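The values are calculated or read from the model by the stated rules, or taken from the named source; none is laboratory data. Quantities reported herein were computed from a predicted structural model and do not represent experimental measurements. As a convention, Cβ positions derive from the backbone with ideal geometry for all residues, glycine included, and neighbour counts pool all protein chains shown. Heavy atoms of the whole protein, side chains included, go into the accessibility calculation; ligands, DNA and RNA do not. Shrake-Rupley method; radii C 1.70, N 1.55, O 1.52, S 1.80 Å.
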Amino acid sequence: MKVKNLSFSSRVELGHSFVWVYQLEDMGYTGWEIVQEGFQTLNNGNVGKVREICDTTDLKITMHLPFSDMNLAGLNEGIRNEVLRQMYRCLELGNDIVELAVVHPGYLSPYGAQMPEKAWQTYIKSLQNICDIAAEYGIKIAVENMPDIPKIFGKSPDEMLRTLEEVHRENLGLTLDVGHANTLGAVDEFLEKCKENIIHVHIHDNYGKSDDHLPLGRGTVQWKKVIKSLEGYNGRFVTEMSSLQEGDECIAYLYSL
């Protein structure tokens, strides 16, 4: 089975120079998702190199906004403002490079757990702020469903739909992370309830218990069923792997279906 619009995203640092990105097209990928973490982060020093990649390849580039130490539901206003500032800077650097950016929902800090509704509303407001800045650059925001970990928003289809409804921004949609949904046994429910809102898809595998990010076919996700359920979807499918070799394994598996 050939899957169109296939992008590669690295969960680990594969090199500071991004030379490895030039291998993606030969492997069969048509896109690259830049992860805004560590040395992978798009910054003033490497943005020229990324623009060169745009000019010399046919790769479509998307962005995963930073998530380590980032809490859109944080109730410490000063820290939350810094989180937003960093998000805005990523979007500014991605102007004319990316057309879509992925963002994680917020989570309950120890303080937020004492007033979860206030934390939720803070998360909604933060996401509205991000969408508004992204709209200035013509960038879509795709909020991602989360795996089965405590005190984080966005684990269920209903909560993701509530997010989209309350944020109420035209440039906001859903990133369906199939592996995350599988840790909750909710893949079918997400595909049934949220299909019309999905604008981006992350694909990786696990055994339904933890977020292992295994190559496709090594876990319990029923990929043939997932791909069939997404017929008519025109967004990107992004493998989230730890190496180019694992990315190659994912492509081989998809072709074997």
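What percentage of the solvent-accessible surface of the chain, computed with a 1.4 Å probe over protein heavy atoms, is contributed by carbon and sulfur atoms?
Values: 5580 of 11660 Å².
That share works out to 48 percent.
Solvent-accessible surface of protein heavy atoms, probed at 1.4 angstrom with all chains present, puts Met87, Met27 in the order Met27, Met87, largest first.
Loop-located GluC sites (Glu not before Pro) across segment 177-238 with a Cβ neighbour count of 14 or fewer within 10 Å are Glu231, with loop assigned by DSSP.
Only beta bridges with both residues in segment 20-177 are counted; by DSSP, about 5 percent of them are antiparallel. Computed with a 1.4 Å probe on the full set of protein chains, the accessible area for Glu246 sits at about 40 Å².
Karplus-based coupling profile of segment 108-119, in residue order and whole Hz: 8, 6, x, 6, x, 5, 7, 9, x, 5, 5, 5, with θ = phi - 60° in 6.51 cos²θ - 1.76 cosθ + 1.60 and x standing for Gly or Pro. Our coupling estimate for segment 70-83, obtained by passing each phi through the Karplus curve with A = 6.51, B = -1.76, C = 1.60 and θ = phi - 60°, is 10, 10, 5, 9, x, 9, 7, 4, x, 5, 4, 4, 5, 4 Hz, Gly and Pro reported as x.
If I take R0 = 41 Å and measure r between the Cβ atoms of Asn43 and Glu165 in this structure, what FRET efficiency does the formula 1/(1 + (r/R0)^6) give, to the nearest 0.05? Mind showing how you got there, number by number?
Details: r = 35 Å, r/R0 = 0.85.
Rounded to the nearest 0.05, the efficiency is 0.75.
Cross-link partners of Lys2 among lysines, defined as those whose alpha carbon lies under 19 angstrom from its own and excluding same-chain residues fewer than eight positions apart: Lys60, Lys224, Lys225, Lys228. Ranking Ser229, Ser9 by solvent-accessible area of protein heavy atoms (1.4 Å probe, all protein chains present), from largest to smallest, gives Ser229, Ser9. For Val102, the amide hydrogen comes within under 5 Å of the amide hydrogens of Met63, His64, Leu65, Ala142, counting only partners 5 or more places away or on other chains and with H modelled in the peptide plane.
Compare Arg162, Arg236, Arg218 by solvent-accessible area with a 1.4 Å probe and give them largest first, with all protein chains kept in place.
Output order, biggest surface exposure first: Arg218, Arg162, Arg236.
Summing charges over neighbours of Glu33, with a neighbour being any other residue whose Cβ is under 15 Å away from its Cβ, gives -4 when K and R count +1 and D and E count -1. Of all segments of the chain bounded by chymotrypsin sites (Phe, Trp or Tyr not before Pro) found in a DSSP loop with no more than 13 other C-beta atoms within 10 Å, the longest spans 1-110. For the pair Ser229 and Tyr111, label points projected 7 Å from Cα toward Cβ lie 3.9 nm apart. A crude spin-label estimate for the pair Ser243 and Arg218, with each label 7 Å from Cα along the Cβ direction, gives 0.9 nm. On the beta carbon distance between Gln121 and Asp26, with R0 = 35 Å, the FRET formula returns roughly 0.15.
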